[in-house]
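Novice: Sharing a structure with you now.
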Amino acid sequence: MEGCHPVDRKFSDALMSHKLFQIAVILFCLNASSSNEYPGNVMDLKCISAPNGTFPERDLVVHPPCTEDDIPHYTAYKVTSAPKIDGKLDEAIWEEAPRSSRFRDLITGAETIHDTRAAVLWDDTHLYVAYWVEEPDLRATLTKRDAPVYKDNDVEFFISGEDAYYEFEINAFGTVYEVLFIWEEAFVSGGYDTIAEFNRNHRKSRAFNGVGYTSHPRGLRIGYWDWDLPGLQSAVYLDGTINNGKDRDRGWTVELAIPWSGMTVLARGDGRSLPPKDRDVWRMDFSRFNQYKEAPPAKDSGGWAWSPHGVWDSHVPECFTYIHFSGKDMKSKM
Ligand SMILES: [Ca+2]
Ligand SMILES: [Ca+2]
Ligand SMILES: [Ca+2]
């Protein structure tokens, strides 16, 4: 981790040239990728799959690394009929739900070669999330729950609370990887240390300092790699042939139902309502990570997001999309 945090922020301009910083990052990443640590160490792959030279100097000097005006706002409508979580987005509610803008490059915000969109709905029991993922060559390898799904082409979803955030990833086989992160500075003051399941000495919990943006002012998180969100339902639907490159696929869709009752740890920090109330605002992040990149001169980082972060790091809640909950039925939105 130290390798990605080479200088004090205020001296970074003077002390580090771009080149030196890039070399430091690359050396660090090569070192990280050769370690035999538990593969849930998201740093391994995401470091080495970032294109050379795309760690902007502002990683080290500006927080947040995204621009407030650039962060999307979205209205999530309440529904009266729940979707069937089978991966197919053929319910009328998904047809009617507002869709996100096309995902852009996570770092630069540039246009991306394949269309990716998301939508969010809710009711009193669940949050519902959908992704439409254009993908001409469906691929997946990992089948075991909590396998490092980010090493396949994946779709990722984050929900942030005040003191904690949840990471969900899924590949085209429907394999799920989940981690819960609690900001260390809030661990004792927020009383998380008194909750047995968040014992920080648990065998699969450890300190985490981000991926490519390791100067977050809140510092370390405690990550719980064996935490599973209670009651989570997820499914994928493939429109094409997986692991067969002889044809051209259309893509895949992802459908999630996340019970509010499983999010008590996220609500604890600010006592927010579960389910949310009309006009409550939450922060969530939506992205996909590909094992391929568009050929140069495109500067495709391989990570595409609804809300670009400006850095090679999803773990920046300040850059997550604003989700405004509307208690109105979707039909009344016009
Ligand atoms: Ca469905
Ligand atoms: Ca897990
Ligand atoms: Ca295929």
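Novice: Within the stretch 64-119, which GluC sites (Glu not before Pro) sit in a loop by DSSP and count at most 15 neighbouring Cβ atoms inside 10 Å?
Specialist: Here the GluC sites (Glu not before Pro) that fit, given the DSSP loop and packing criteria, are GLU111.
Novice: Measure out, as a whole number of angstrom, how far apart the alpha-carbon centroids of the stretch 123-160 and the stretch 66-94 sit.
Specialist: Each part's Cα centre sits 15 Å from the other's.
Novice: Would you please name the chymotrypsin sites (Phe, Trp or Tyr not before Pro) within the stretch 244-334 that are DSSP coil residues with at most 15 other C-beta atoms within 10 Å of their C-beta?
Specialist: Loop-located and lightly packed - TYR292.
Novice: Counting Lys +1, Arg +1, Asp -1, Glu -1, what net charge surrounds SER273 among other residues with beta carbon under 12 Å of its beta carbon?
Specialist: Counting the neighbours of SER273, the net charge comes to -1.
Novice: Same structure, new question: Kindly flag which residue pairs out of LYS88/LYS277; LYS88/LYS246; LYS88/LYS293; LYS84/LYS246; LYS246/LYS293 have an alpha-carbon separation exceeding 22 Å in this structure.
Specialist: LYS88/LYS277; LYS88/LYS246; LYS88/LYS293; LYS84/LYS246
Novice: Quick one: what are the phi-derived ³J(HN,Hα) couplings along the stretch 171-179, Karplus 6.51/-1.76/1.60 with θ = phi - 60°, whole Hz, x for glycine and proline?
Specialist: Listing the rounded values in order: 10, 6, 7, x, 6, 9, 10, 9, 9 Hz.
Novice: A follow-up question, please. Could you list, bin by bin from short to long, the percent of Cα-Cα pairs of the stretch 63-332 in 5 Å steps?
Specialist: So the P(r) values, bin by bin, are 1, 6, 13, 17, 19, 18, 14, 8, 3, 1, 0, 0.
Bear in mind that the values in this text are calculations on the coordinates, not laboratory data. Not measured: the values here are computed from a predicted model. Reconstructed Cβ throughout: ideal geometry from the backbone, glycine too, with neighbour counts over all protein chains shown.
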